[in-house]
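Derivation of every value follows stated rules applied to the coordinates shown; laboratory data play no part. Values in this document were obtained by computation on a predicted structure and should not be read as measured data. Counting neighbours? That spans all protein chains shown, and the Cβs are built from the backbone with ideal geometry, glycine included.
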2 protein chains.
Amino acid sequence: MDKLTVVKIGGQVIDDPFKLDTVLHQFVALEGKKLLVHGGGKKASEMSKRLGIEPHLIKGRRVTDEKTLEVVTMVYGGLVNKNIVARLQALKHNALGLSGADGNIIPAHKRIHETIDYGFVGDFEVEDINSALLQNLLDSGITPVFCALTHDQKGNMLNTNADTLASGIAVSLHSHFEVSLIYCFEKAGVLLDVEDQSSLVPELSWQYYLQLKEEGIIVDGMIPKLDNAFNALHSGIRVVIKDALNLNNEIGTTLVA
Amino acid sequence: MDKLTVVKIGGQVIDDPFKLDTVLHQFVALEGKKLLVHGGGKKASEMSKRLGIEPHLIKGRRVTDEKTLEVVTMVYGGLVNKNIVARLQALKHNALGLSGADGNIIPAHKRIHETIDYGFVGDFEVEDINSALLQNLLDSGITPVFCALTHDQKGNMLNTNADTLASGIAVSLHSHFEVSLIYCFEKAGVLLDVEDQSSLVPELSWQYYLQLKEEGIIVDGMIPKLDNAFNALHSGIRVVIKDALNLNNEIGTTLVA
């Protein structure tokens with residue numbers, strides 16, 4: 001079985017051309033087949049601001065209204081995605097940009113919530129992912145580059161969480177490849193003290209995760225990220241959380257059962 | 001040999017959601033394999049205006065400076081392309097959005113001109129087009145949807161003429177498919193009197209084209225469009241110029257040798 005590494009990179013790296021190039025160089029050097037998933041949050045917020053689109057919040061949660069959907073479709077699907085593809089091509093690495101609408105790879109539906117209408121936000125089921133096309137591309141030596149957009153099968157794009165999308169794609173390709181999933185961010189991994197990189201947790205079990213959550217050590221955005229990560233682990237994927245600028249070394253938090 | 005129809009749609013159709021849906025319905029109903037190329041000019045100009053980016057002209061020619069490149073990458077590669085893909089998916093037609101950077105399908109270079117620096121404008125050679133991936137996608141039942149962007153192989157996207165791109169792709173697939181190329185616009189075809197749809201030229205030969213150009217009957221934007229069209233014809237492609245809203249009928253201008 002071929003090795004496949006799914007790498008998810010987020011906002012901070014994407015916003016800085018120098019950091020982005022560093023990560024892409026390291027990404028290209030990874031052994032075996034590769035697939036990249038990118039966010040792009042800050043650029044979308046910046047663009048919204050420049051276009052005079054006010055953030056739309058309901059009960060403190062950000063809503064993707066029609067105008068915001070236009071912005072994220074432009075920024076994630078166009079600006080960030082094509083920029084990454086062009087840079088990978090310059091490294092002689094054959095990449096191809098995708099959203100979940102392309103090839104109907106990730107059919108999704110608008111988020112259903114009892115009280116909050118999140119607007120054009122998409123959720124999907126892993127078993128609905130059409131991984132045959134991805135296998136075909138990967139087997140042809142092409143590296144898919146995903147932005148975090150899906151579609152509702154009714155003609156609308158949907159804004160989707162990039163961590164969830166990365167986890168879903170990794171799981172969907174599990175039967176065809178030996179998949180590793182790397183969540184990159186600006187820290188060395190899961191830290192006991194967020195200000196101290198030496199407090200890195202090298203191995204995080206589900207039990208230890210629950211404990212650290214209860215103790216208030218793992219908080220905020222790390223919780224949905226780790227939930228996505230453990231979903232992938234529980235489906236049999238190797239998952240590591242690490243610094244985007246150290247993709248090629250062994251430092252990071254490896255999830256364990 | 002399978003039939004393949006390459007359809008190029010332009011600005012006016014893309015700017016109107018109702019017209020766009022009409023065209024996409026007719027496009028889906030075309031017999032055989034299909035490939036769509038879209039422009040998107042007006043939306044890019046609108047977006048530039050909203051972002052306060054001044055059009056940059058040298059000797060009356062529009063230049064794609066860095067900021068304008070960002071806008072066209074967002075609008076063509078993101079907003080317009082993904083919107084068309086999502087709408088085709090809603091019609092149960094499996095489409096996949098592409099730029100010339102994706103899969104390195106159209107490696108290009110910055111336009112070289114003695115006196116004018118057009119900025120990030122790309123020209124390409126038809127023989128450099130990597131059509132194997134397109135064949136693979138088409139053979140898998142997928143309809144490629146191209147925006148008019150290429151890349152310079154050094155990490156930059158390039159703004160490219162959509163008519164030229166459509167012609168180049170049609171020619172590059174000629175050895176694998178029986179290719180027809182349809183240039184759609186807002187008229188019934190080539191007209192002797194631009195205000196009178198009944199003055200349609202049903203067949204246009206190269207000689208007649210040269211004569212109509214000399215007589216000042218074919219002018220402005222029609223000249224580069226027809227030059228691209230005749231380039232395709234001279235490579236053995238069937239070329240028709242017709243109304244985007246009448247894709248499925250026989251009315252239009254067919255080029256003849």
Magnitude of the charge dipole, chain B, Cβ model with Lys/Arg +1 and Asp/Glu -1, debye to 20: 680
Summed side-chain charge close to B:A188 - residues other than B:A188 whose Cβ falls under 13 Å, Lys, Arg +1, Asp, Glu -1: -4
Test item: Cα-centred dipole of the range B:148-257, Lys/Arg +1 and Asp/Glu -1 on Cβ, debye: 440
Per residue, the convex hull volume that the Cα atoms of the range A:1-108 enclose (Å³): 133
Leading residue at positive end of dipole, chain B (Cβ point charges), from B:F177, B:L226, B:S45: B:S45
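Which whole-number percent gives the relative contact order of the range B:3-256, counting Cα pairs below 8 Å spaced six or more residues apart?
The value is 23 percent.
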Shortest-first distances to equivalent copies, position B:E31, nm, label 7 Å out along Cβ: 5.4
Computed helical MRE - 222 nm, the protein assembly as shown, DSSP H runs ≥ 4 contributing -39500 (n - 2.57), nearest 500: -9500 deg cm²/dmol
Those GluC sites (Glu not before Pro) in the range B:146-232 that DSSP places in a loop and that have at most 13 other beta carbons within 10 Å: B:E186, B:E195, B:E215
Trypsin sites (Lys or Arg not before Pro) restricted to DSSP loop in the range A:65-162 with at most 12 other C-beta within 10 Å: A:K92, A:K154
Total charge dipole magnitude, the range B:1-96, about the Cα centre, Cβ charges on Lys, Arg, Asp, Glu only, Debye to nearest 20: 120
Charge context of B:A170, other residues only, Cβ under 13 angstrom, K/R +1, D/E -1: +3
Size descriptor, Kirkwood hydrodynamic radius, that averages inverse alpha-carbon separations across the protein assembly as shown, Å: 23.9
Taking the range B:14-124 and dividing mean pair separation by its residue count, relative contact order in percent (alpha carbons under 8 Å, at least six apart): 25
Principal semi-axes in Å for chain A [√(5λ), Cα gyration tensor, largest first]: 25, 23, 19
Axis-nearest residue of B (beta carbon) for the B-onto-A rotation, whole Å: B:G78, 1
Shielding of A:146-156 by partner chains, average beta-carbon count, 10 Å: 4
Of A:K43/B:K59; B:K8/B:K92; A:K187/B:K82; B:K19/B:K82; A:K19/A:K242; B:K67/B:K242, pairs whose Cα-Cα distance is over 24 Å: A:K43/B:K59; A:K187/B:K82; B:K67/B:K242
Charge sum, other residues only, whose C-beta stays under 11 Å from B:V256's C-beta, Lys/Arg counted +1 and Asp/Glu -1: 0
